[in-house]
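This report refers to the structure that appears directly beneath it.
Computed from the coordinates by the stated procedures, all read-outs in this text should not be read as laboratory data. From a predicted model like this one, the values you see are computed outputs, not experimental measurements. Every residue, glycine as well, gets a Cβ built from its backbone with ideal geometry; the counts of neighbours run over all protein chains shown.
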Amino acid sequence: MKRKTLRQHRQLNRPNHTRPQRTGPRRGRGRARAALLALTLGLVPGGAGDAAAAPSAAATASFPAFGTPAFNTLVQDSREATGAANLPDFGTWWAAAYARTPAARLPGHPELSWAGAVRLRRGELAAARDPARRARLERDTAAWLHRAVKAVIPKFSLDRGFEFAHAVRLGERQCLLQSVLIAGMLREMGAEAGTAMVWKNERGQESNLGHVVTVLRLTGSGDVLVDASDPTPFMRHGGLLRMGGGYRFVEPRYDAQSRITGYAAGGGALTPAQVQPLDPAYVRSQFDYYRGERVPGGFIGPSTPAGLTASARYLERALQRQPGNPLAAYVLGHVYRKQARLADARRQYERAYRLYRAAGHVPERVAEALAWAKGEQANGKAGKP
């Protein structure tokens, strides 16, 4: 796919792909603020599932390493979603694709297979006793994987690139898939890595969780963001959704080498050790979010009854897998509204607002959706999304 497509994706971290159409008539910022005040004062009741803003210990397990049963659960979900019963084993496919892609090879060792490259780099990292040397190796490994994933899966597709099946069949990737691959491969080699959602890009432009990146914890020296949607591996995005006593909207603080040395959150400061990648349940949920967002005839573009039903099914499953996913909760409200399920839409918007508020940031469009929900509750008037 042409470079222009990637650039367009990253200009605003694709904020509009979560809101291709208006959520209803604008009622003015004053109305939105009034609704926010109502929530702050407790005038909107709580709902089931909101406790997931602080996931359980089981949900916050380490990000799964590439090739493990936990990682392969994501691949199996993709098989089922795409009807790809005959899809080859993803790890076997990757190893073969790596072997026939010279640009993907481990620097200095073009003769090695994927398994050989993993063994070598894992051993080098394990043997690096000096923290500074190990951190350099971790960073070099991330840069290699950034290049390898882009070389093996060369096409970028917002519509299909989140499916492992489409990486195999079509050579397509998207921000979630590429970030999950890089994080899983780093974990396979012994590094500490995971993923984060982006709500503010490197230019300070905000989106409603419109992008995903890999987060690598460097030994003894903070975090770095690895973004395969950019030509260079290490980015300086201005706002992330990560874990830290529940989901937290945080703003990284960088040094001259693009290392994150700390995070601002809710008027306070957090060290890298206090902030963790998103939990595996959230990551699995986010794949279903994209399925619900991109299904033909669904939420995006001209909608059909069948498409909206499919959108709702995937988004509902996303929230079953991780009830604390605020974006899935918000967009499910849009889908219900398009289906004329107005009472369900209102409850979803209220639930989404509570999740965003608990995490420390409420996007403007979420506040507008809440204002619509409060108006709908007060006077019973319907508005189309």
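Among residues other than residue 237 whose Cβ falls under 9 Å from its Cβ, what is the net charge (Lys/Arg +1, Asp/Glu -1)? Net charge around residue 237: 0. Computed 3J(HN,Hα) for the range 255-270, one whole-Hz value per residue from the Karplus formula 6.51 cos²θ - 1.76 cosθ + 1.60 where θ = phi - 60°, is 9, 5, 9, 6, 7, 7, 9, x, 9, 8, 7, x, x, x, 10, 10, glycine and proline marked x.
Compute the Cα gyration tensor for the range 278-356, then decide on rounded, prolate or oblate, letting a ≥ b ≥ c be the square roots of its eigenvalues: rounded whenever a/c is under 1.5, prolate when a/b is larger than b/c in the other cases, and oblate in all that remain.
Details: a/c = 2.39, a/b = 1.26, b/c = 1.90.
Oblate, since a/c reaches 1.5 and b/c is not below a/b.
Decide, for the range 69-278, between rounded, prolate and oblate: order the square roots of the alpha carbon gyration tensor eigenvalues as a ≥ b ≥ c, take rounded if a/c falls under 1.5, and otherwise choose prolate if a/b is larger than b/c, else oblate. Oblate. Our coupling estimate for the range 217-230, obtained by passing each phi through the Karplus curve with A = 6.51, B = -1.76, C = 1.60 and θ = phi - 60°, is 8, 7, 4, x, 8, x, 10, 10, 9, 10, 10, 7, 7, 10 Hz, Gly and Pro reported as x.
If you take the square roots of the eigenvalues of the alpha-carbon gyration tensor of the range 99-158 and sort them as a ≥ b ≥ c, do you get rounded (a/c under 1.5), prolate (a/b over b/c) or oblate? The shape class here is oblate.
As a proxy for reagent exposure, ranking 300, 153 by other Cβ atoms within 10 Å from fewest up yields 300, 153. Neighbour counts of C-beta atoms inside 10 Å place 155, 200 in the sequence 155, 200, starting with the fewest.
Would you mind giving the average projected area, over all directions, of the Cα convex hull of the range 128-243 in nm² with one decimal?
7.3
In the range 298-344, inverting the average of 1/r over every pair of distinct C-alpha atoms gives 10.6 Å as the Kirkwood radius. Here 356, 254 are placed in order of increasing Cβ neighbour count within 10 Å, fewest first, which gives 254, 356.
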